[in-house]
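Visitor: Would you mind keeping the following structure in view while I ask a few things?
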Amino acid sequence: MAAVRSLKPLAGGIALALMAVIAGGALLSLAVEALHGSMDGLGAFDSYLWRVARFTLLQALLSMLLSVALAIPLAHALHAHPVFAGRAMILRFFALPLALPALVAVLGITSIYGRNGLLAAIFRGAGLDVIPNIYGLTGILLAHVFFNLPLATRLILSGLDSIPEDYWKLSSQLGMGGWSRFRLLEWPVIRRNLAGIASLIFMLCITSFTIVLTLGGGPRATTLEVAIYQSLHFDFDIARAVALTLLQLGLTIAVLLFLSRAGRPSEEAFSLHTARRRFDHPSRREKFFHAMVIIAGLLFVILPMAGTVMSGLAADLSRLLGERIVWKAILTSMILGAGAAALSLGISLALVTAREYLATKRRHAPPGIFERLLDLGASLIMVVPPIVIGAGWFILSRHYVDPFSLAPIMVISVNAAMAVPFAFRILRPSWDTAASRHNRLCAQLGVAGWSRLRLIDWPVLKRPLGVAFAFAMALSLGDLGTIALFGNNTIQTLPYLLLQRMGSYRTDDAAGLALVLGLLCLALMMVADRGASRLENGR
Amino acid sequence: MRLLKTFMNSAILMSALALVSAAPAKADGKLTIYTYESFTAEWGPGPKVKQAFESQCNCTVEFVAVADGVALLNRLKLEGASTKADVVLGLDTNLTHEASETGLFAPHGIDTSGITIPGGYSDNTFVPYDYGYFAVIYDSETVKNPPASLKDLVEADPKQKIVIEDPRTSTPGLGLLLWVKSVYGDKAGEAWGKLKDRVLTVTPGWSEAYGLFTKGEAPMVLSYTTSPAYHLVAEKTERYKAAAFAEGHYLQVEVAAQTTNGATNPLSAQFLSFMTKPAFQDTIPESNWMFPAAKTSAALDPAFDTLVKPAKTLIFAPEEVAKNRKAWIDEWLSAMSL
């Protein structure tokens, strides 16, 4: 048994090394290349750059705080009502923003809050002489919350779902009020996962590019990601690009360390049965409040998407769907996305199990550096810009293979790596809870290895695995960065096609393709949910 | 174990993917052309150009497409002397100086007398294949008095907004920067300081700007004089128009050249020469939406006659752009960030 278990840290180590190679290899090869060239760019750490760094941090921190702060009441309300018509659909919709290319989301948001949007039309209708102006920090935060509030809500909710049924029973018997229940039952669980969720959102926002420039209103709103792109793309100043990437990594690590200290998980052993059933009955006032929160959250997420759907429906969908190239792009996207999701799940599972193994072994001692790396280190890949990874690997591989033949492998592995932080956060709560519940029992009964995986772990894991797969795949479906870099006509994904149409006046086509992309993700979420429930009922 | 399985799964998927992507056919000769994506898009000039050239060269044309002209030059710099490109198509005159400094390009050695570019163009390495002018496009339904000059644009009512592109990340953005510089010279910073209030937002690329414009977020956008031709020909609408500026319009010339490697392939020069012929030039107006650099076999669609004809052509020498680009962008940055 010991021999079987000791493979976990090894697998975790390999997964971590893989992530490090993908990001670190690119950075290293760029750094070596930079040594051959001019280093002038390094001297340019001027006031412009400090302003950029300051703004980058400010917008990312604010976006993170807002997203998380708004997600807590939303997740709380959704959890308080585990059964109502449309709940499952809401949760599926909440997975969609992630898969939308930034440009599509920006246009969706302006169709609601823009100068010619729904809000402006309502103001006009009411005879008010107000034109909403979101360009600036407002627009950036609006877009970032649109992207991340649903994500945060889903992640917090999955944490809440791991609260044992008996806790609710007990709280009901003790006659706890809503507030005490939140404080004593929900908050500890939320808090435990909050650092991880907040750090994920922070990393998504710190690397924001299209949203920040397009909705930022001018060059005052510039992120480091823009500066990295500028130095690598327009100035071809590799040294500066590497230095800026390291600065971005440094800032992120500082914030992640702070977050992980602030939100140090409380160690609790769950040994009871969990279920999505509650025994408390919210008062009428609470019910009203919850309904309001859910409706507001839903509207916030769905309106910009509805804007996208409306423009999508205006497109000539039947012609679009009659195009061979569109179907080819859908197929390519699906294959790449499924490959990336599978790889991502493998890596994440290795990380999650290894971390839990180490955490269980050390018991109450503080976590070691390896465990911390398993926990957060792998996420750092998110803040290495795709253009840096692409250029680095291009340089590294150009003497050995045809870089174009490498494109599919790169797209799959980079997308997989980028999805790991998500899959990790979806899998970890379930795995940790299940492990602490089963470890001792399994040890007592001598259940280990394959039989434990089949009988004990698989039933608990299949649902989160399905959700994580769907999330990772949706994320990869919407990705564009890596493919654009390797530049190859033979691999055309759906977002690639979308931006290509957008870039040549075919705005309607682009809207239609955005609709197709959204429907594809929705279908994916439904299949994942169905598959998971069928598996559950099948037993 | 699980990892291994996933790897195997992805290997299977990968081979499935190889089936999806097309395999290039074999022929006697092969010409590899690096270009930008919109050139090879199915509605772009690429497919027609490939067909037309292949029918007369007994060879296979292989396009390799990257995002844009700037990425094209970067790709070449990254590949250096070992590049597979015979011909690079899609640099613009703002990049040619930097491109020749790499030493990766060879003189074309072809007859370019058929080429006419406003203001003239002669270079023994780079061959122009099309050109266009930057212009402010406005929505005639909301803008009744479009600006008649750059001065108008800078000084009129700041409530009427324009979306522009960022010179740090996009070619049209750099175009506007050079346009303002060529009109205002040393006073460009002040002009930007005034124009700033009129700028609704600065987008990373043309797509975002034009998307916001057609959504009605702003009544004006920086694009090309040829943009209305697309709306006229493809959408049959006269709604979007280009504003003619009294000071003249800034010119963008797109060029191609053979690499030093490509110079050993006779097909390269043959292609550059083909580029100046009607068979190539015919594809340009209605698929690249630019003006052809040489004769086409028939007159252009009447829509092109309705477009703004610039009173004056403005353009900086490539060396001047290369030398000053950073300083001018810094000037723009500090004026726009106030």
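Visitor: Run the quick spin-label model on A:Leu257 and B:Asp301: label points 7 Å from Cα toward the beta carbon, then report their separation in nm to one decimal.
Guide: So the two model labels end up 6.0 nm from each other.
Visitor: Could you give P(r) for the stretch A:322-460, binned at 5 Å from zero, as whole percent values over all Cα-Cα pairs?
Guide: Going out from 0 Å in 5 Å bins, the stretch A:322-460 shows 2, 9, 14, 16, 15, 14, 10, 8, 7, 4, 2, 1, 0 percent.
Visitor: So, how do all the Cα-to-Cα distances of chain A break down into 10 Å bins, in percent, from 0 on up?
Guide: Final binned percentages: 3, 17, 28, 27, 16, 6, 1, 0.
Visitor: Continuing with the same structure: Could you run the Karplus curve 6.51 cos²θ - 1.76 cosθ + 1.60 with θ = phi - 60° over the stretch B:182-190 and give me ³J(HN,Hα) per residue in whole Hz, x for Gly and Pro?
Guide: 6, 8, 9, x, 5, 8, 4, x, 5
Visitor: Across 5 Å bins from 0, what is the distribution of all Cα-Cα pair distances for the stretch B:91-163, in whole percents?
Guide: Reading upward from the zero bin: 3, 11, 18, 14, 10, 9, 11, 11, 8, 5, 1.
Visitor: Let me ask another. Under a 5 Å amide H to amide H cut-off, with H placed in plane at 1.01 Å, what residues pair with B:Val202 once short-range neighbours are removed?
Guide: Residues meeting the criterion, in which the H sits 1.01 Å from N, are A:Gly217, A:Gly218.
Visitor: Kindly identify residues of the stretch B:172-206 having a loss of at least 20 Å² in accessible area between the isolated chain and the assembly of all protein chains, probe radius 1.4 Å.
Guide: By number: B:Leu200, B:Thr201, B:Val202, B:Pro204, B:Trp206.
Visitor: So with the 1.4 Å probe, I'd like the accessible area per residue for the protein assembly as shown, rounded to whole Å².
Guide: Each residue of the protein assembly as shown exposes 40 Å² on average to a 1.4 Å probe.
Visitor: Within the protein assembly as shown, which cysteines find no other Cys whose Cβ is under 4.7 angstrom from their own?
Guide: A:Cys205, A:Cys442, A:Cys521
Visitor: Shifting gears a bit: Each residue of the stretch B:157-173 in order: what ³J(HN,Hα) in whole Hz does its phi give by Karplus 6.51 cos²θ - 1.76 cosθ + 1.60, θ = phi - 60°, with x for Gly and Pro?
Guide: Listing the rounded values in order: 3, x, 6, 8, 8, 9, 9, 10, 9, 8, x, 7, 10, 9, 5, x, x Hz.
Visitor: Taking all protein chains in place and a 1.4 Å probe, what share, in percent, of the accessible surface of the stretch A:182-230 do carbon and sulfur account for?
Guide: The C+S portion of the solvent-accessible surface of the stretch A:182-230 is 53 percent.
Visitor: Would you rank B:Asp152, B:Asp157, A:Asp235 by solvent-accessible area, highest first, keeping every protein chain in place and using a 1.4 Å probe?
Guide: If we order B:Asp152, B:Asp157, A:Asp235 from most to least accessible, we get B:Asp157, B:Asp152, A:Asp235.
Visitor: Measure off, as a whole percent, the carbon and sulfur share of the 1.4 Å-probe accessible area of chain B, all protein chains present.
Guide: Ligands and nucleic acids excluded, carbon and sulfur give 54 percent.
Visitor: Could you tell me what fraction of 2.2 N^0.38 Å the Cα radius of gyration of chain B comes to, as a two-decimal ratio?
Guide: Normalised Cα radius of gyration, chain B: 1.08.
Visitor: Go through the stretch A:337-361 and flag every residue whose accessible area shrinks by 20 Å² or more with all protein chains in place compared to the isolated chain (probe 1.4 Å).
Guide: Output list: A:Gly339, A:Ala342, A:Leu343, A:Gly346, A:Leu349.
Visitor: Among the listed pairs B:Lys30/B:Lys77; B:Lys196/B:Lys326; B:Lys30/B:Lys236; B:Lys151/B:Lys241; B:Lys161/B:Lys187; B:Lys144/B:Lys326, give every one whose C-alpha distance is greater than 30 Å. Intermediate results must be reported in sequence, preceding the final value.
Guide: Details: B:Lys30/B:Lys77 22 Å; B:Lys196/B:Lys326 20 Å; B:Lys30/B:Lys236 40 Å; B:Lys151/B:Lys241 19 Å; B:Lys161/B:Lys187 22 Å; B:Lys144/B:Lys326 37 Å.
Where the Cα-Cα span goes over 30 Å, the pairs concerned are B:Lys30/B:Lys236; B:Lys144/B:Lys326.
Visitor: Taking a quarter of the surface of the convex hull around the Cα atoms of the stretch B:67-197, what do you get in nm²?
Guide: Quarter of the Cα hull surface area: 10.6 nm².
Visitor: Quick one: which residues, 5 or more positions from B:Thr32 or on another chain, have an amide H under 5 Å from its amide H? H modelled 1.01 Å from N in the peptide plane, none for Pro or chain starts.
Guide: Amide H to amide H, under 5 Å and 5 or more residues apart or across chains, B:Thr32 pairs with B:Glu62, B:Asp86, B:Val87.
Visitor: So, one more: Would you grab the residues whose amide H sits under 5 Å from the one on B:Tyr224? Only those 5+ places off in sequence or on another chain, please, with H modelled 1.01 Å from N.
Guide: Counting only residues 5 or more places away or on other chains, the set is B:Ala135.
Visitor: Next question. Starting from the Cα of A:Leu170, step 7 Å along the direction of its Cβ; do the same at B:Lys326; then give the gap between the two resulting points in nm.
Guide: Label-label distance for A:Leu170 and B:Lys326, simple model: 6.6 nm.
Visitor: Specify, per residue and in Å³, the volume enclosed by the convex hull of the alpha carbon atoms belonging to the stretch A:109-159.
Guide: Looking at the stretch A:109-159, the number lands at 78 Å³ per residue.
Visitor: Moving to a separate point now. Can you give me the solvent accessible area of B:His97 with a 1.4 Å probe, rounded to the nearest 10 Å²?
Guide: The accessible area of B:His97 comes to roughly 50 Å².
Visitor: How many nm is it between the label spots at A:Ser180 and A:Arg372, if each spot is 7 Å from the Cα in line with the beta carbon?
Guide: 3.9 nm
Visitor: While we're here: Heavy atoms only, probe 1.4 angstrom, no DNA, RNA or ligands counted: give me A:Lys169, A:Lys8, B:Lys151 ranked by accessible area, highest first. Show your work: numbers first, answer last.
Guide: Working: A:Lys169 80, A:Lys8 50, B:Lys151 110 Å².
Largest accessible area first, the residues go B:Lys151, A:Lys169, A:Lys8.
Visitor: Moving to a separate point now. Please give the direction-averaged projected area of the C-alpha convex hull for the stretch B:236-277, in square nanometres with one decimal.
Guide: Values: hull surface 23.9 nm².
It is 6.0 nm².
Visitor: Keeping all protein chains in position, work out how much accessible area A:Met292 exposes to a 1.4 Å probe, and write it in Å² to the nearest 10.
Guide: 90 Å²
Visitor: Roughly how many Å² of B:Glu42 are accessible to a 1.4 Å probe, to the nearest 10?
Guide: 80 Å²
Visitor: In addition: What's the average, rounded to a whole number, of partner chain beta-carbon atoms within 10 Å of each residue's beta-carbon in B:212-223?
Guide: The mean count of partner-chain Cβ atoms within 10 Å per residue comes to 4.
Visitor: Summing both sides, how much accessible area is buried between B and A? Use a 1.4 Å probe and give Å² to the nearest 100.
Guide: 6200 Å²
Visitor: Whole Å is fine, so just give me how far the alpha carbon centre of the stretch A:379-422 lies from that of the stretch A:431-458.
Guide: Each part's Cα centre sits 36 Å from the other's.
Visitor: For A:Ser451 and A:Asp316 in the same chain, what is the full-extension length gain: residue separation times 0.36 nm, less their Cα-Cα distance, in nm?
Guide: Difference between extended and current length: 43.2 nm.
Visitor: Just to make sure I understand: if all protein chains stay in place, what is the order of B:Trp179, A:Trp458, B:Trp206 by accessible area at 1.4 Å, largest first?
Guide: Output order, biggest surface exposure first: A:Trp458, B:Trp206, B:Trp179.
Visitor: Go ahead and run the numbers for FRET between A:Ala523 and B:Ser55, Cβ-Cβ distance against an R0 of 60 Å, rounding to 0.05.
Guide: After rounding to 0.05, the efficiency reads 0.85.
Visitor: Residue by residue through the stretch B:202-215, which ³J(HN,Hα) values in whole Hz follow from phi under the Karplus form 6.51 cos²θ - 1.76 cosθ + 1.60 (θ = phi - 60°), with glycine and proline marked x?
Guide: Each residue of the stretch B:202-215 in turn: 10, 9, x, x, 5, 4, 5, 5, 5, x, 4, 4, 5, 7 Hz.
Visitor: Where does the stretch A:43-181 land on Rg(C-alpha)/(2.2 N^0.38 Å)?
Guide: Dividing the Cα Rg of the stretch A:43-181 by 2.2 N^0.38 Å gives 1.40.
Visitor: Moving on. In the stretch A:178-195, which residues have a backbone nitrogen under 18 Å from the label point lying 7 Å from A:Arg284's Cα in the Cα-to-Cβ direction?
Guide: Only A:178 pass the distance filter.
Visitor: What does the average come to when, for each residue of peptide B:70-83, you count the partner chain Cβ atoms lying within 10 Å of its Cβ?
Guide: Partner-chain Cβ atoms within 10 Å, mean over residues of B:70-83: 3.
Visitor: Efficiency by 1/(1 + (r/R0)^6): what FRET value for B:Glu42 and B:Ser140, r their Cβ-Cβ distance, R0 = 25 Å, to the nearest 0.05?
Guide: In this case the efficiency is close to 0.20.
Visitor: If I compute solvent accessible area with a 1.4 Å probe over the protein chains, what percent of it on the stretch A:280-395 is carbon and sulfur?
Guide: Values: 3670 of 5110 Å².
Carbon and sulfur atoms account for 72 percent of the accessible area of the stretch A:280-395.
The values are calculated or read from the model by the stated rules, or taken from the named source; none is laboratory data. This structure is a prediction, so every number in the text was calculated from the model and none was measured. Glycine gets a Cβ as well: all are built from the backbone with ideal geometry, and neighbour counts include every protein chain shown. Just the protein is used for accessible areas: all its heavy atoms, side chains included, with ligands, DNA and RNA removed. Shrake-Rupley method; radii C 1.70, N 1.55, O 1.52, S 1.80 Å.
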